[in-house]
Structures are given as structure tokens and as C-alpha cells.
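The structure under discussion appears below in the form of C-alpha cells.
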Amino acid sequence: FIPIVQSLYYSFATIEMEAAMQVVPAGWQNYRRLLFEDTEFRQILLPALGDMALNVPIILIFSVLIAAFMNRLPGGVIFQLIFFIPVILSAGIVPGLMQGDIVRAVVVDAGADSSSIFNMQFLEGFLQLTGMGSGLTGIISYAIDNIFQVLGSSGIQILVFYMALKSIPASLYEASSIEGATAWEAFWKITFPMILPQFIVNAVYSIIDSFANSNNAVIQKIHQINFKSLDFGFGASAAWLYFAVIIAILALVMFVLTRFERHYHA
């Protein structure tokens with residue numbers, strides 16, 4: 001609690017590092033600088049919000065699919081370990097190997113885009129030939145190009161969904177099968193309503209994880225301001241502004257999802 005209050009106090013001050021640290025009150029100067037003068041912070045904040053808006057739905061859908069797959073197979077504990085290991089290892093080894101020149105040359109033709117391990121131009125062209133729109137093609141291409149990031153960020157969500165699926169009574173599916181319900185209908189009428197509370201929990205967790213990830217450009221910028229530029233007052237205001245944005249987005253998402261849950265169950 002003390003560091004939180006102290007950082008809030010620093011955000012309204014200028015920190016002068018001389019013989020001794022001096023805290024000079026500055027009012028709203030740091031926040032005005034962030035919002036109206038420092039264009040770099042705004043330029044990295046908006047892409048971070050866009051990445052979150054893309055990553056979170058992809059992670060949730062991927063987690064549900066993998067959890068459903070695990071639930072259908074025997075030896076569920078083994079699959080839990082397989083999909084949770086990347087979380088423990090932070091999924092850093094596999095992407096590093098796949099980005100190596102030898103693996104890229106042997107396994108995947110990266111084409112003209114050397115920053116990707118997949119030939120995304122070929123993939124996007126193929127998807128467009130199937131009649132997909134450019135928007136859906138872009139989302140699928142983004143998901144495939146960031147598959148290791150998605151996998152490394154989905155371990156906990158997969159386990160939460162898996163445990164929720166295991167708790168659904170098999171008698172519900174048996175009754176729906178007798179009534180002639182298809183697998184698609186059983187998912188939307190039984191599975192999805194039963195895992196909807198866990199879906200909300202995973203959505204909130206995924207949003208926070210996306211914003212707090214050390215690879216996030218905003219986190220890196222705040223770290224640079226504080227520990228490279230030693231501008232602690234400005235860095236504290238950047239952190240608190242970022243925190244306020246996260247809280248606002250979480251409040252909006254929770255409001256929408258909880259209303260959807262009540263409407264869906266009604």
C-alpha cells in the first residue's frame with residue numbers, strides 16, 4: 001500500500017536527483033505532458049489497445065477449443081501438463097528456435113517477410129481465394145503469425161475452461177442427444193452457458209495479462225522513463241494513466257459480459 005500511495009504522490013511531482021532526492025510538487029503538469037505534449041506515449045498506447053482487442057478473443061477461442069479437445073480425450077492430466085508447460089517456461093525457447101535461420105530455411109519458407117516464420121503473403125492469398133473477406137483474412141493471418149504468443153498466453157485459460165467442462169454433468173449431453181440435438185446445438189445450449197462464468201474470468205485475466213506483459217510497448221516505455229531517463233515523476237504519472245486506462249477497459253468489459261450473461265441465461 002505504501003509504494004502505491006508514494007507513486008501516486010510522485011505522479012504529481014518532479015523528482016530532482018541531486019545530492020539527495022528532492023520531490024518538488026508539480027500539480028497536473030506530468031499528466032498534461034502525457035496527454036498533450038508527449039506524442040510518443042499516445043502513439044504506443046493506441047497500438048497496445050489494438051493488440052489487446054485482437055489477442056484476447058483469439059486466446060479465449062483457442063483456449064476453449066483446446067480445452068474441449070482435451071475433455072474428449074483420455075489422459076487429460078498429460079494434456080494439462082503439455083499445455084501448461086509453455087506458461088511455466090514463458091514460451092521463450094520454442095519461438096527462439098523457430099526464428100533461427102536454419103529452422104526457418106528447412107521447415108518454413110518465410111518469403112519476403114523475414115520477421116515472420118510463416119509465408120503470410122501466400123496464406124493471405126489462399127484465404128482470399130476461398131472467398132473470405134479482407135477483415136477475416138487479416139484476423140486469421142494475425143492469429144497464425146502469433147501462434148507461439150497465443151499458446152504461451154493460453155495455459156491458465158485452458159486449464160480453467162477444462163475444469164469447467166469436466167464439471168458439466170454428462171447426463172445433460174445424453175438427454176440432448178436423445179432429443180436429437182446436434183453437437184453444435186449442444187455446445188450453444190449446454191456447454192457455453194455452463195462455462196460462461198469462467199469465460200468472463202478468463203477474459204478479465206487475459207486483458208490484464210496482455211496489458212501487464214513485459215513485452216508490451218507501454219510497459220517498456222514506462223520502464224525506460226523510470227530507470228533509464230530517471231524521470232520518476234513523469235514515469236509515475238505514465239504508470240497511473242496506464243492503470244486508469246486498464247481499469248476503464250476492465251469495467252467496460254465486465255459491464256458488457258455480465259449483462260450478456262444475465263440476458264443469455266434469461
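The values are calculated or read from the model by the stated rules, or taken from the named source; none is laboratory data. As the structure is a prediction and not an experimental result, all values here were calculated from the model. Cβ atoms come from the backbone with ideal geometry, glycine included; neighbour counts cover every protein chain shown. Accessible surface is based on the protein model in full, side chains and every heavy atom, while ligands, DNA and RNA are left aside. Shrake-Rupley method; radii C 1.70, N 1.55, O 1.52, S 1.80 Å.
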Legend entry - Label point 7 Å beyond Cα of residue 224 along Cβ direction - residues of region 1-36 with amide nitrogen under 16 Å: 34
Legend entry - Solvent exposure, largest accessible area first (probe 1.4 Å, DNA, RNA and ligands not counted), of 37, 16: 37, 16
Inset, instruction - Show me 55-61, 154-160, 187-193, 174-180 ranked by packing, highest mean number of other Cβ atoms within 10 Å first. - result: 154-160, 55-61, 187-193, 174-180
Legend entry - Karplus-derived HN-Hα couplings along region 153-168 (A = 6.51, B = -1.76, C = 1.60, θ = phi - 60°), whole Hz, x at Gly and Pro: 9, 10, x, 5, 4, 4, 5, 5, 5, 4, 5, 5, 5, 5, 7, 6
Inset, instruction - Give, in nm to one decimal, the length gained when the segment between residue 8 and residue 194 is fully stretched (0.36 nm per residue of separation minus the Cα-Cα distance). - result: 62.9 nm
Inset, instruction - Could you look at region 210-266 and say what percent of its accessible area is carbon and sulfur, using a 1.4 Å probe and all protein chains? - result: 66
Legend entry - Phi-based couplings in Hz for region 241-248 (Karplus 6.51, -1.76, 1.60; Gly and Pro marked x): 5, 5, 4, 5, 5, 4, 4, 5
Inset, instruction - Quick one: which residues, 5 or more positions from residue 13 or on another chain, have an amide H under 5 Å from its amide H? H modelled 1.01 Å from N in the peptide plane, none for Pro or chain starts. - result: 26
Inset, instruction - Assuming R0 = 30 Å, can you tell me the calculated FRET efficiency for the pair residue 163 and residue 49, based on Cβ-Cβ distance, to the nearest 0.05? - result: 0.45
Inset, instruction - Rounded to whole Hz and in sequence order, give me ³J(HN,Hα) for region 39-49 from the Karplus expression 6.51 cos²θ - 1.76 cosθ + 1.60, θ = phi - 60°, writing x for Gly and Pro. - result: 6, 5, 5, 5, 5, 8, 6, 5, x, 5, 5
Legend entry - With all protein chains modelled, accessible area of residue 7 [1.4 Å, Å²]: 40
Inset, instruction - Treating cross-link reach as a plain straight distance, find the lysines whose alpha-carbon is under 27 Å from the alpha-carbon of residue 189, omitting any fewer than eight places away in the same chain. - result: 166
Inset, instruction - Grab the Cα-Cα distance for residue 258 and residue 28, subtract it from 0.36 nm times how many residues apart they are, and report the gain in nm with one decimal. - result: 79.3 nm
Inset, instruction - Could you calculate the FRET efficiency of residue 1 with residue 201 from 1/(1 + (r/R0)^6), where r is the beta carbon distance between them and R0 is 30 Å, rounded to 0.05? - result: 0.75
